[in-house]
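Just below is one structure, and these are the notes that go with it.
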Amino acid sequence: ADASLFGITNLIMITPLIPVFIYIVPELDHRMETTVTIAFLWLAAMLFLWLASTKDPGIIPRNLSSALPLPPEGEKVGLHGFKYCETCNIFRPPRSKHCNTCDNCVVEFDHHCPWLGNCIAV
């Protein structure tokens, strides 16, 4: 589902560019600087969209062994400390959450963005 929404996001970013170059750019006194500026801003927006979509948000590797892991030595466990994630079989650090969409624990998880198809972390 996330891949199709990311495709729609790209389509939403590309579609307005067509009428801009057909109807608006020719009316701008044929100034090349304006065309280059519009193209540069659009390319920068697409670059940042793809960077945000492909960047690792801070996924914590799973514990693949079946043994119950020990909490980190000397660290607090519980309400304001490390918490155990049954799905990933790890003790995750404070402010980390398990994303049900990605099925991973993410450090400083904020939300899962369906438009990027990726988790957003602080």
Looking only at residues that are free of Cβ contacts under 8 Å to residues at least 40 places away in the same chain and within 28 Å of the chain's Cα centre (by Cα) in segment 52-71, which one is surrounded by the most Cβ atoms within 10 Å (Cβ to Cβ)? ASN63
When residues of segment 1-23 are limited to those that are modelled with pLDDT under 85 and either touching a strand residue (DSSP E or B) at 6+ places or on another chain (Cβ under 8 Å) or in a helix (DSSP H, G or I) (or both), the one least open to solvent (accessible area, probe 1.4 Å): ASP2
Looking across segment 81-107 at residues that are of a type in the set (Lys, Arg) and within 21 Å of the chain's Cα centre (by Cα), the single one that is farthest from SER66 (Cα to Cα) is ARG95
Looking at segment 91-106, which of its residues are open to solvent by 30 Å² or more (accessible area, probe 1.4 Å) and more than 21 Å from LEU49 (Cα to Cα)? PHE91, ARG92, PRO93, PRO94, ARG95, LYS97, HIS98, ASN100, ASP103, ASN104
Among residues of segment 24-49 being exposed (fewer than 13 other Cβ atoms within 10 Å of the Cβ) and within 25 Å of the chain's Cα centre (by Cα), the residue farthest from PHE109 (Cα to Cα) is PHE40
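The values are calculated or read from the model by the stated rules, or taken from the named source; none is laboratory data. Note that the structure is predicted; figures quoted are calculated from it, not measured. Note: ideal-geometry Cβ built from the backbone for every residue, glycine included; neighbour counts use all protein chains shown. Side chains are part of the model used for accessible areas, which takes the heavy atoms of the whole protein and leaves out ligands, DNA and RNA. Shrake-Rupley method; radii C 1.70, N 1.55, O 1.52, S 1.80 Å.
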